[in-house]
1. May I ask for the distance between the Cα centers of the range B:444-487 and the range B:514-574, given as a whole number of Å?
2. Provide Rg over Rh for the range A:202-243; use the alpha carbon set for both Rg and the Kirkwood Rh (inverse mean inverse pair distance).
3. With a 10 Å Cβ neighbour count serving as the proxy for reagent exposure, in which order, fewest first, do B:85, A:345 appear?
4. Could you please state, rounded to a whole Å, how far the C-alpha centre of the range B:192-255 is from the C-alpha centre of the range A:20-53?
5. Give the span of the range B:243-351's Cα atoms along each principal axis, as three whole-Å numbers ordered largest to smallest.
6. Calculate the tail of P(r) for the range A:188-354: the fraction of all Cα-Cα distances greater than 19 Å, expressed in %.
7. Express in nm, to one decimal, how much length is gained between residue B:83 and residue B:358 on full extension, taking 0.36 nm for each residue of separation and deducting their alpha carbon distance.
8. Return the Cα extents of the range A:34-184 along principal axes one, two and three, sorted largest first, each rounded to a whole Å.
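Derivation of every value follows stated rules applied to the coordinates shown; laboratory data play no part. Remember, it's a predicted structure, so these values are computed and weren't measured experimentally. When we count neighbours, we look across all protein chains shown, and the Cβ atoms used for this are built from the backbone with ideal geometry, even at glycine.
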């Protein structure tokens, strides 16, 4: 989780303030958008497998729904905090706005570690979370989705609880469900592919070919795995990937100079993306410290694990060869590091643009669920590419026209649309 | 040089682009080559005609590779599964992600009819043309909703991919001795030349030109070439339907019809168009899902026959050029060829000459044209070059005296033979029995032939095929409507005539091209042939298979065949 003094919400607010200054927003509008509009804290009592009772702490924030129902993930993480949830709900508002989908921003989570919970215990947490928040979420108010350490099975348990409580079939309540149970084809790929669509477009702007580039990536979860898959299909070479080792409670980087083999790494990883180090060594991977992914001699870096990973302390270690950083995770770069990255003229694709693929496909899933008519994978992923490419190019053009960084441009464009919606509704 | 698709189609200066990596395939490479040639060539004398290759984008062969591997399709593709099973498996698969965004952008900006065409690695190679073996899908692409247009285009692409592994293609590979595992498919997405008339979209004129003619008529020479003209989409011609056949050197000489009424019967009466109206039944694995075949009378209201047809006056039994009067229309293209209202013939001659020079071999071209009635336009006519492929011309020196045609050991002889060369490796003869032959049963006959063909092909035994009427005609009243795969093992094909099946000598373009490229010798025996088939001898041979309409007999020695390409005579001897 990184430095404990780091506060993701403060960072998100700081980035918002910068954009608000540039937009010369009035105080009332700032006040409305600096904080979530709704915030829920609740307890989820669970009977553990050994018969003990345990209470887990859960959250849900709805940052803004001026542009449509709130949308955002649910994270299960032992170091989850309300500030992280607040920050992520704000980021979701900007993300849905920059992706130009008619949704607002929300986020939620539970302080827990699924590594140490049985499936039954996880199911109880999922059902308990829904029971606590039932009245304030739903297909037309706030639509949850999977995030860190939550998966389609968790979503299905939550949906089931919601439908039991509502007495209706409402698959649009939640997204990221299994295919065939209201899930959308292409959902698994969407977030990772979305990151690479952005990189593909950035490479075009830099006149580079994917097959002449290499990459290092932090994290080996869903986003990373699909990002690696598509990047390799495009001809690129991934030489380093890092992941969390639950047993050692620290992260490691796995390096192969002539390129990792995604299939073999997937075969030796667990459901959370943790790679077995001894098996990796047998397969010829160098097992390095978890921070080594950042210092590799590559053209592209993707932080796709957690927030607060590229900081003032380590940003200088980034190789001069790096040309693109695409933020697959939420808030992986601190504002201080951001400035240094900009001074190094590295093309940075900000988080809520780079990782918008997931929420775009979530939106598609919700549309399909509400129609009860499901599209082919070609249709889902074709639309995803079109939306992502459009979003990237809109931000890029704005950035060029106004001589601003991609992050500031994306922030301004996103915030402006939300402000317009709030004003249009007469809220401010 | 060809540009990467930049998510425009018509707006780009470059009318040809590609998506993905790998090869462009034979057809696309050839079209690109001739696009450059057209730009360099001087066609200023045809200043009223816009001459070009219709805009297209190619999905290169790596996209096909990714599609096959990502969806694990090779097992079913190489299996003996039925065509429907293979085509459906392909429809259920997903295209590689890398092309989806480009395709969606393309379709969101384009709403004119599109042809989705094959462009395989091996297609259009000089000696193995694969002409008509792979699928083409025409889509109206006029739905309001871009999602629907996208879905239809994707279905079309998957259909073309699947056609690589359908029965026709597999048997073609077997017959040609090629390994299907070496084949890769690129796909061309191309605008269709034409105009919309109500619910139909079609070109005013389509055609096929060959710069070398194996069937010269009216005292012309093979080198004078031959042109088939049709109305509507070119499918009429390439499938072997009725079209107007003439030599570009003497465009006014009509084909040898016995009478005007013959001409009425034996010229084009139906035409193909793209269906722009009510969607037809959903059938993504049918090539003609969005195509209409109608009588030419339905084009009267479109006012599109005036430059092409003549009118038959029943009272005088004469033809009048044009469509100014009421009466049956005859598509003899007289206003174009005799009055030269539009210099189509001169353009075709010039173009074939250029293509021949550039390919250094005789060529076959496919084209389509539209005629605008807006005379204020600088270029009211558009000529789209759709395909250029080299033709195989066999020049082995063979000499055959006429006396040899009627010797005692002659089984079959004719002075209307296609091909050139000698052979002495055939023992098997497959023939249509004249005692049970009826033009109404030709589709059943085709099935029986296919059954025997499959057996002989698997045994690798070449054979002589004897039947009545025009082989491979899409009109089953004109002959036996076999597809190429149904007769792909035949080495010699004999087109005999009966009183009730006496059709002029001609084949569909794709069928013809395959005949010539596989160096199959083709004997045409008109009713008036001086050399009758020795049926008594054939029937005395050992009967291997005896079906209702078709028999297979075997000679215990080998038959000797001599075909003299120069004199166009040939003989098959015991």
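1. The distance from the Cα centre of the range B:444-487 to that of the range B:514-574 comes to 14 Å.
2. My calculation puts Rg/Rh at 0.99.
3. A:345, B:85
4. 74
5. For the range B:243-351, the Cα extents along the three principal axes come out at 45, 40, 25 Å.
6. Of the Cα pairs, 49 percent sit more than 19 Å apart.
7. Full extension of this stretch gives 95.2 nm more.
8. If we take the Cα atoms of the range A:34-184, the spans are 47, 34, 24 Å.
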